[in-house]
Amino acid sequence: MSLPEEKHISLDEYYRIREDSDQLMEYIDGVIFMTPSPSTMHQRISGRLHAQLFQLLDGSDCEVFHAPFDVELKNEQMDGTKIVIPDLSVICDKTGFHENKYVGIPSLIIEIISPSNQSHDLVFKLNLYMQYGVKEYWIVNPLLNTIQVYVLDENNKFKLHDVAKDKGSIKSTIIKQFNVDIEKLFS
């Protein structure tokens with residue numbers, strides 16, 4: 001959800017606005033997008049996925065970060081400034097870490113849908129992450145008890161790799177041991 005008039009502001013203005021607010025905000029080429037406060041179910045799902053990824057990645061070259069953590073998407077072929085706050089980010093290239101953010105492209109991003117941000121995560125962020133070269137994008141939808149996994153193909157386009165609803169499990173292509181039990185996740 002963006003500011004009503006989609007007024008374009010500078011990056012400095014964005015940081016000043018954020019400093020004076022408790023609201024989570026993303027910044028896409030001069031436009032601020034407000035992110036909704038997570039529901040109880042959203043927090044449960046995020047916590048379960050984070051715990052599982054944290055255990056799996058402990059001692060490896062990759063790390064998992066949960067919101068709120070700024071990711072400034074950076075790719076030599078793309079212009080503009082895009083600062084997003086994914087629900088979960090798996091980062092394997094550690095050269096982009098700064099004190100308060102990561103600049104670069106996470107290997108895996110997981111977004112958990114809220115009723116007020118469905119189109120933002122399902123359409124806008126899917127396209128944004130694809131353009132920047134995120135290798136794997138998970139959309140977790142607690143409204144429908146589904147997980148969709150998109151994987152970047154050889155043409156740098158997201159291809160739907162797998163979908164699970166209500167039961168069964170779903171696996172990552174990036175982190176081979178990351179296997180999510182759908183029933184346990186949504187219980």
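Things worth noting here:
- Condition met for Val84 (surrounded by 14 or more Cβ atoms within 10 Å (Cβ to Cβ), under 19 Å from the mean Cα position of the chain (by Cα) and modelled with pLDDT of 95 or more): yes
- Considering residues of segment 10-43 that are surrounded by 15 or more Cβ atoms within 10 Å (Cβ to Cβ) and part of a loop (DSSP other than H, G, I, E, B) only, the residue modelled with the lowest pLDDT: Pro38
- Qualifying residue in segment 164-185 (condition: surrounded by fewer than 20 Cβ atoms within 10 Å (Cβ to Cβ) and closer than 25 Å to Asp79 by Cα): no
- Output for segment 128-143, where each listed residue is under 27 Å from Lys176 (Cβ atoms), open to solvent by 20 Å² or more (accessible area, probe 1.4 Å) and either touching a helix residue (DSSP H, G or I) at 6+ places or on another chain (Cβ under 6 Å) or modelled with pLDDT under 95 (or both): Pro142
- Residue within segment 89-112 that is in contact with a His (Cβ under 9 Å, 6 or more places away or on another chain) and open to solvent by 10 Å² or more (accessible area, probe 1.4 Å) present: no
- Of the numbered criteria (1) open to solvent by less than 30 Å² (accessible area, probe 1.4 Å); (2) touching an Asp or Glu at 6+ places or on another chain (Cβ under 8 Å); (3) modelled with pLDDT of 95 or more, the one Glu72 fails is (2).
- Hits in segment 127-185 (condition: acidic (Asp, Glu) and outside any strand (DSSP E or B)): Asp153, Glu154, Asp166, Glu183
The values are calculated or read from the model by the stated rules, or taken from the named source; none is laboratory data. All values derive from a computational prediction rather than experimental measurement. Because the Cβ atoms are built from the backbone with ideal geometry, glycine has one as well, and the counts that use them run over all protein chains shown. Quick note on the areas: whole protein, heavy atoms, side chains included, nothing else; ligands and nucleic acids left out. Shrake-Rupley method; radii C 1.70, N 1.55, O 1.52, S 1.80 Å.
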